[in-house]
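Asker: There's a structure below that I have some questions on.
The values are calculated or read from the model by the stated rules, or taken from the named source; none is laboratory data. Remember, predicted model here, so these are calculated numbers, not experimental data. Neighbour counts run over all protein chains shown; Cβ positions are idealised from the backbone, glycine included.
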Amino acid sequence: MKKGYLSYIFTILIWGTTWYGIKLQIGITPEIWSLAGRYTLAGIIMLLITNIIYSKKSPNILCHAHFLLKGIMMYFLAFMLFYYSSEYIPSGLVAFSVSSVLIFNIFNDRVINKVTISIKQVALSSIMLIGLIMISASLFNGDVIDVNFGIISKGVLLALLGSYCFSIGNIISKNNKEKFNADPGQDNGFSMLYAGILFCIMGFFTNTALVIDTSLSYISSFLYLTIVGSVLSFYLYVKIINQFGPANAGYVLVYAPVIALILSMLLENVQGNFLIYFGMTIVVTANYYGIKIQKEN
């Protein structure tokens, strides 16, 4: 159980910093090629590590079909939408929009797997959502985000759509473990590799120019997102899903935005105010009791 909670902590810290890393990827290199490179390389690294250290078993064709489906939902569609969302809104707001995965996980696990949802989970999810809304609303009160409501709404909508796709990927990952006893490394590695290949195909067929940003900020953020943000964090995240279930794994996506928002305040000139700090307090408190309930069960 202790190892499970260490996975929580490390994943939260890593994901909390990756949103600003994604912001640094926006610019010269088209998002499609940034994602193609990130997930192709991450998938290869993950599969090599898994094959050498953990598992040498060969998944069957049906298992690969599920890996492909997960790759499409969790990495291809979700992160394409997250990257595009980052063009319109600060990384902290993207991260908090993605926290809606918690709600989507509970809903999708109920619809797809017929999992019973407790009243406590619904209540805590509602409280968390209130905290997230307060934090998001606070960003509209100052002069920091000097863009119109339509642009901000577009960015949030893209992030929410990506969150829903990501949630479906969570459920697929859980089912891969239950139906095929899929190794987390192979599950992630093949899914990322398939997503990377899809991004390459998309780039070629859309005639998107392959332009590489050689700046230090781009290269360093690319390596961080690929090795730490993709290989390490997603391996830990899948372990959390398999150990605690998709609904509880979604709690990672509530804590991580707090880290992301702190970085936005430090690096993107987002100003802290009462709504932000009070919203953070609500989210952290709700998560504390959520994990406490989970521990009791």
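Asker: Can you tell me which residue in segment 85-94 is farthest from G272 (Cα to Cα), limited to those that are part of a helix (DSSP H, G or I) and of a type outside the set (A, V, I, L, M, F, W, C)?
Answerer: Here the answer is S85.
Quick grid of which residues meet (1) over 14 Å from the mean Cα position of the chain (by Cα); (2) among the aliphatic types (A, V, I, L, M):
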position: L210; (1), (2): yes, yes
position: T214; (1), (2): yes, no
position: Y218; (1), (2): yes, no
position: S230; (1), (2): no, no
position: I241; (1), (2): no, yes
position: E268; (1), (2): yes, no
position: L275; (1), (2): yes, yes
position: V283; (1), (2): yes, yes
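Asker: Out of all the residues in segment 230-255, which are aliphatic (A, V, I, L, M) and either part of a loop (DSSP other than H, G, I, E, B) or modelled with pLDDT of 75 or more (or both)?
Answerer: V231, L232, L236, I240, V252
Asker: What tally of residues in segment 69-110 results from selecting those that are aliphatic (A, V, I, L, M) and within 13 Å of the chain's Cα centre (by Cα)?
Answerer: Residues meeting the conditions: 11.
Asker: May I ask you to list the residues in segment 156-182 that are farther than 28 Å from I61 by Cα and either surrounded by fewer than 22 Cβ atoms within 10 Å (Cβ to Cβ) or β-branched (V, I, T) (or both)?
Answerer: V156, L157, L160, L161
Asker: If you don't mind, there's one more thing I want to ask. Among the candidates G169, G150, single out the residue that is modelled with pLDDT of 85 or more and small (G, A, S).
Answerer: Testing whether each residue is modelled with pLDDT of 85 or more and small (G, A, S) leaves just G169.
Residues checked against (1) in contact with an Asp or Glu (Cβ under 9 Å, 6 or more places away or on another chain); (2) modelled with pLDDT under 85; (3) in a loop (DSSP other than H, G, I, E, B); (4) under 18 Å from P184 (Cα atoms):
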site: Y5; (1), (2), (3), (4): no, yes, no, yes
site: F10; (1), (2), (3), (4): no, no, no, yes
site: W19; (1), (2), (3), (4): no, no, no, no
site: A36; (1), (2), (3), (4): no, no, no, no
site: T40; (1), (2), (3), (4): no, no, no, yes
site: S58; (1), (2), (3), (4): no, yes, yes, yes
site: L69; (1), (2), (3), (4): no, no, no, yes
site: Y83; (1), (2), (3), (4): yes, no, no, no
site: I106; (1), (2), (3), (4): no, yes, no, no
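Asker: Which condition number in (1) surrounded by fewer than 23 Cβ atoms within 10 Å (Cβ to Cβ); (2) assigned to a helix (DSSP H, G or I) is the one that T29 fails?
Answerer: (2)
Asker: Something else: Collect the residues in segment 108-135 that are part of a loop (DSSP other than H, G, I, E, B) and either touching a residue at least 12 places away in the same chain (Cβ under 8 Å) or polar (S, T, N, Q) (or both), keeping them in residue-number order.
Answerer: Scanning segment 108-135 gives V115, T116, I117, S118.
Asker: Here's another thing I want to ask about it. Name every residue in segment 256-275 that is polar (S, T, N, Q) and in a helix (DSSP H, G or I), in order of residue number.
Answerer: If the condition is that a residue be polar (S, T, N, Q) and in a helix (DSSP H, G or I), then S264 is the only one that fits.
Asker: For S215, are the conditions met, namely being farther than 30 Å from S126 by Cβ, small (G, A, S) and modelled with pLDDT of 75 or more?
Answerer: Yes.
Asker: Continuing with the same structure: From the list N207, N175, N188, pick out the single residue that is modelled with pLDDT under 85 and either touching a helix residue (DSSP H, G or I) at 6+ places or on another chain (Cβ under 9 Å) or not in a helix (DSSP H, G or I) (or both).
Answerer: N175
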